[in-house]
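Here the structure comes first, spelled out in structure tokens, and everything after it is commentary.
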Amino acid sequence: MQEKVLILDFGSQFTQLIARRIRELNIYCEIHPYNSTKFDADNFKAVILSGSPSSVNSDDAPQPDLSKIKGKKPLLGVCYGAQYLVHFYGGKVGASSTREYGRAKLTHINNHRGLFNNINEGSQVWMSHSDTILELPNHYRSIASTEDVENAAFKIEREDTFAIQFHPEVYHTTDGKQLLENFLVNIAKVEQSWTPDSFVDSTVSKLKQQLGNDKVVLGLSGGVDSTVAAVLLDRAIGKNLYCIFVNNGLLRKNEFTDVLDQYEHMGLNVKGVDASARFLKALEGISEPELKRKAIGGTFIEVFDDEAHHIEDVRWLAQGTIYPDVIESVSVNGGPSATIKSHHNVGGLPDFMKLKVVEPLRMIFKDEVRRVGKSLEIDSSLLGRHPFPGPGLGIRILGDVTAEKVRILQEVDAIFVNGLKKWNLYNDVWQAGAMLLPVNSVGVMGDERTYEKVVALRAVSSTDGMTADWVNLPYEFLQETSNKIINKVKGVNRVVYDISSKPPATIEWE
Ligand code: XMP
């Protein structure tokens, strides 16, 4: 049985980061809302209490039932988790009189039971709280301070219960990962056996058991998640996996044939369906972004449903859903709120959506999907691809979509992306693409004045697409790219580079 760690979530923006740091230690962990009834604490080897936007002194402060946990198994409280262990057990938490946001340095470390092994005084930690621990209950002992915070860390005597007011999961806490390792490996003795190889082995054998001789259908997109899901399923059930790769006509230049070739080379049972014309027809005359998205999404469902009907006796629909899509988020003032998409209108769903769902990646994060892909020996040209939106160039062509506009944007995008590869910049950029703007501007070519399209180039750095910054690409690269685009792509006479961060701008222009 895989040993696992429980992270009880009180709604902190950093909770997922705690999980990712722990997974980097090759330890398996799960996040559950503090008031969920869907898990049994007995099944976990150690527990971490997350931070929270709430104050322990507020009327609706989250109050988990720790009767199966505290004093019974190793426990680490972080920020709110630390204050909870004080406030509800006889100590005092109140508003802080000094600044407790941002960087601080540890002083007076007492390395009791090894929580601070290999962490020295002066080590930088990241604080983010407005309340602070004013008085520890009896049997609690302070084991680290900072200049402004006396009880930066404490231990409860005769229990493996520890707590810290700073955040070990954020990058700015220099030794945060070491601290988590000290707690989980040295103190809680959790095994470090969660590796990409072990995930592949256990997932393939679970899929074999779950699916038996059943047939499964999966929509491949060319992206990392669906590709890794397909290869895992292929290992488990081989030709009973039926992959469908739809060309919506809004992919990058040559993408459909190139990627289809790659899939076939990998031995996947895949069918390429070129439905470009059907998508273009559905998009005809539509300029409003949401309506465009609906037209593309609706057509995809129709095409996929038609194809799925050709597979006799198919029982399952496989999806590349990953962990951040299924983690239930905590609504601090009420019960756990399900973020999982609700399938209200089951009666009206297309047939393939009534199939049973199998999601081999539902417990892993994006960075783990890539590591699993590597362990499955999927080509790095597939694993290292920039993210690309499902509606494709449809949301990068502003205004209505026509075949001619798709052609122009495909050419521009190919020059930009191939240039990034040639200049060895592709892997320094998280996502890059071109946008076709719905305006013409005046230019001059030879002796003629032109009145042609403007394209915008966008290249961003990011970790998850939630926030992003524009990349400072070399001027020489931009110069070469702009010249090539204007010289080679008929219909474009102006190129601009987008220097907006997200927020407030988004990555796509829509
Ligand atoms: P925005 O434009 O919201 O995009 O900053 C954030 C990230 O999400 C991608 N994106 C999508 N991906 N289906 C997808 O699979 C979509 O409908 C979609 N819309 C945006 C976008 O490319 C960026 O990486």
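The values are calculated or read from the model by the stated rules, or taken from the named source; none is laboratory data. Note that the coordinates shown come from a computational prediction; the quantities given were computed from them, not determined experimentally. We place every Cβ from the backbone using ideal geometry, glycine too, and count neighbours over all the protein chains shown. In case anyone asks, the SASA skips ligands and DNA or RNA and just uses the protein heavy atoms, side chains included. Shrake-Rupley method; radii C 1.70, N 1.55, O 1.52, S 1.80 Å.
For this structure, a couple of remarks:
- Here N472, N487 are screened, and the one residue that is outside any strand (DSSP E or B) and closer than 30 Å to K374 by Cβ is N472.
- Selected residue (criterion: most open to solvent (accessible area, probe 1.4 Å)) from residues of the stretch 258-315 that are free of Cβ contacts under 8 Å to residues at least 12 places away in the same chain and farther than 20 Å from D351 by Cα: H265
- The listed residue being assigned to a helix (DSSP H, G or I) and under 36 Å from the mean Cα position of the chain (by Cα), out of R113, R103: R113
- Check on G249, within 27 Å of the chain's Cα centre (by Cα) and at pLDDT 95 or above: yes
- The condition of being polar (S, T, N, Q), at pLDDT 80 or above and over 19 Å from V216 (Cβ atoms) holds for only one of S375, S331, S337, that being S375.
- Cβ-Cβ under 6 Å pairs, at least 6 apart or on other chains, the stretch 431-443 side over 14 Å from F388 (Cβ atoms), far side at pLDDT 95 or above and hydroxyl-bearing (S, T, Y): N440/Y451; V442/Y451
- Selection within the stretch 193-246 - within 16 Å of the ligand (Cβ to nearest atom) and more than 21 Å from the chain's Cα centre (by Cα): F245, V246
- Selected residue [crowded, with 24+ Cβ neighbours inside 10 Å and touching a residue at least 40 places away in the same chain (Cβ under 8 Å)] from D9, D60: D9
- For the stretch 462-510, a tally of residues being within 14 Å of the ligand (Cβ to nearest atom), of a type in the set (S, T, Y) and in contact (Cβ under 8 Å) with a residue 12 or more places away in the chain returns 5.
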